[in-house]
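Engineer: I have a structure I would like to understand better, so I am pasting it below and will then ask my questions one at a time.
Derivation of every value follows stated rules applied to the coordinates shown; laboratory data play no part. It should be emphasised that the depicted structure is a prediction, and the values quoted were computed from it without experimental measurement. Using ideal geometry, Cβ is built from the backbone for each residue, glycine included, and neighbour counts are taken over all protein chains shown.
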Amino acid sequence: MIGILVELLLSWLLLKYFARENLDALGLKPNGIRVLHLCAGILWPILFVAIYSYSVSLLVHNPYRVNPAFQWSHLRSWIGFLLRSVAYEDLAFRGAVLYVLIRKIGPQKALLISAAAFGIYHWFSYQVLGNPAQMLLVFVMTGMAGYIFALAFERTLSMYLPFGLHFGIDFAKMVLFPSEKHTGVALFFRTYSKDPVSPSAWISVVAILIYFLGFPTLTFLGLRRILRDQTLR
């Protein structure tokens with residue numbers, strides 16, 4: 001929490017001295033459209049991951065079940081953790097720095113810089129430094145996500161939509177349908193530890209492509225249709 005407060009202070013200083021703005025420039029004050037963006041941003045990735053995960057589970061004859069060990073205390077802990085981590089990352093990569101970059105060098109370059117920085121950041125948070133293959137994969141996947149989140153900020157000039165998208169995808173992949181067992185207690189789990197049916201190679205490739213590219217591609221197409229609700233001064 002202290003880190004987030006420090007980020008807000010630094011954001012205010014950056015906006016004041018490099019853009020002659022205050023924190024209002026980040027679209028932090030709630031209103032109807034921003035709350036709608038937040039809710040839609042959270043629900044969309046959850047819907048995508050749920051449909052994908054359920055479809056794949058049927059394909060391999062390994063349906064999901066509710067985890068009997070999952071308790072409300074786990075949900076509260078997850079929500080608290082994700083709120084803090086998403087707020088911290090969004091203020092760092094989709095906050096004042098991105099706003100100033102958009103003002104100074106234009107949105108295209110600013111979005112790419114934000115996405116690249118987000119990808120590099122995850123080398124450290126995922127602890128993959130020194131493994132070139134994993135570094136490349138992490139950079140591409142988190143970089144694409146970072147670009148989508150940055151585009152959401154650029155389209156709306158508010159942190160509500162990028163926060164919602166970021167929170168929603170993390171919640172879906174970490175709390176609901178985690179692909180890795182070490183992420184913590186999840187709400188759903190597959191019935192069998194090993195899939196009873198193995199899909200063909202081409203189906204597996206298609207499933208992998210949909211998993212990694214489906215969400216960012218569809219979200220990108222949707223965001224391109226959103227007109228900015230205000231203009232940079």
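Engineer: Cβ neighbours within 10 Å, averaged per peptide: list 38-47, 133-142 in order, most packed at the top. Don't skip to the end; give the middle numbers.
Structural biologist: Details: 38-47: 18.0, 133-142: 15.2.
Most protected by this proxy first, the peptides run 38-47, 133-142.
Engineer: Once you order the gyration tensor axes a ≥ b ≥ c over the Cα atoms, which shape class does region 100-233 get: rounded for a/c under 1.5, otherwise prolate or oblate by comparing a/b with b/c?
Structural biologist: Numbers: a/c = 2.06, a/b = 1.75, b/c = 1.17.
Because a/c hits 1.5 or more and a/b exceeds b/c, region 100-233 counts as prolate.
Engineer: If you plug each phi of region 6-20 into the Karplus form 6.51 cos²θ - 1.76 cosθ + 1.60 with θ = phi - 60°, what whole-Hz ³J(HN,Hα) values come out, in order, with x for Gly and Pro?
Structural biologist: Values per residue, Gly and Pro as x: 5, 4, 5, 5, 5, 4, 4, 5, 4, 5, 5, 9, 10, 9, 6 Hz.
Engineer: Another question, then. With the Cα gyration tensor of the chain in hand, give its eigenvalues times 5 under a square root as the equivalent ellipsoid semi-axes, listed largest first in whole angstrom.
Structural biologist: Working: eigenvalues 220, 73, 61 Å².
Gyration-tensor ellipsoid for the chain: 33, 19, 17 Å.
Engineer: Give me the number: length gained by fully extending ASP24 to LEU137, i.e. 0.36 nm times residue separation minus the C-alpha to C-alpha distance, one decimal in nm. It would help to have the intermediate numbers written out before the result.
Structural biologist: On the way: separation 113, 0.36 × 113 = 40.68 nm, distance 3.58 nm.
Difference between extended and current length: 37.1 nm.
Engineer: Taking a ≥ b ≥ c as the square roots of the eigenvalues of the Cα gyration tensor of region 1-117, is the shape rounded (a/c under 1.5), prolate (a/b larger than b/c) or oblate?
Structural biologist: Values: a/c = 2.64, a/b = 1.91, b/c = 1.38.
Because a/c hits 1.5 or more and a/b exceeds b/c, region 1-117 counts as prolate.
Engineer: List residues of region 129-160, by number, whose backbone nitrogen lies under 17 Å from a label position 7 Å along Cα→C-beta of LEU209.
Structural biologist: Zone members listed by number: none at all.
Engineer: Which whole-Hz ³J(HN,Hα) couplings does region 212-221 yield from phi under the Karplus relation 6.51 cos²θ - 1.76 cosθ + 1.60, θ = phi - 60°, glycine and proline marked x?
Structural biologist: 8, 10, x, 5, x, 5, 5, 5, 4, 4
Engineer: So for each of 20-26, 171-177, 146-152 I average, over its residues, the number of other beta carbons within 10 Å; can you give me the resulting order with the highest mean first?
Structural biologist: Working: 20-26: 16.1, 171-177: 20.1, 146-152: 25.9.
Put in order of decreasing packing, that is 146-152, 171-177, 20-26.
Engineer: Still on this structure: Count the lysine pairs in the chain whose Cα atoms lie under 29 Å apart, taking only pairs 8 or more positions apart in sequence or on different chains.
Structural biologist: 9
Engineer: Multiply the residue separation of LYS104 and LYS16 by 0.36 nm, subtract the distance between their alpha-carbon atoms, and state the gained length in nm to one decimal.
Structural biologist: Values: separation 88, 0.36 × 88 = 31.68 nm, distance 1.42 nm.
My answer for the length gained is 30.3 nm.
Engineer: Using the 10 angstrom Cβ neighbour count as an exposure proxy, how do LYS194, LYS104 rank, fewest first?
Structural biologist: LYS194, LYS104
Engineer: Take the alpha-carbon centre of region 158-207, take the same for region 1-74, and report the distance between them in whole Å.
Structural biologist: For region 158-207 versus region 1-74, the Cα centre distance is 16 Å.
Engineer: Turning to a different aspect of this structure: Debye sum, Cα scatterers, region 65-129, no solvent: what log₁₀ I/I(0) at q = 0.19 1/Å?
Structural biologist: Summing over Cα pairs of region 65-129 leads to -0.81.
Engineer: Using a Förster distance of 22 Å, how high is the FRET efficiency between THR217 and VAL185, based on the Cβ-Cβ distance and rounded to 0.05? Show your work: numbers first, answer last.
Structural biologist: Values: r = 31 Å, r/R0 = 1.41.
The pair THR217/VAL185 has a calculated efficiency of 0.10.
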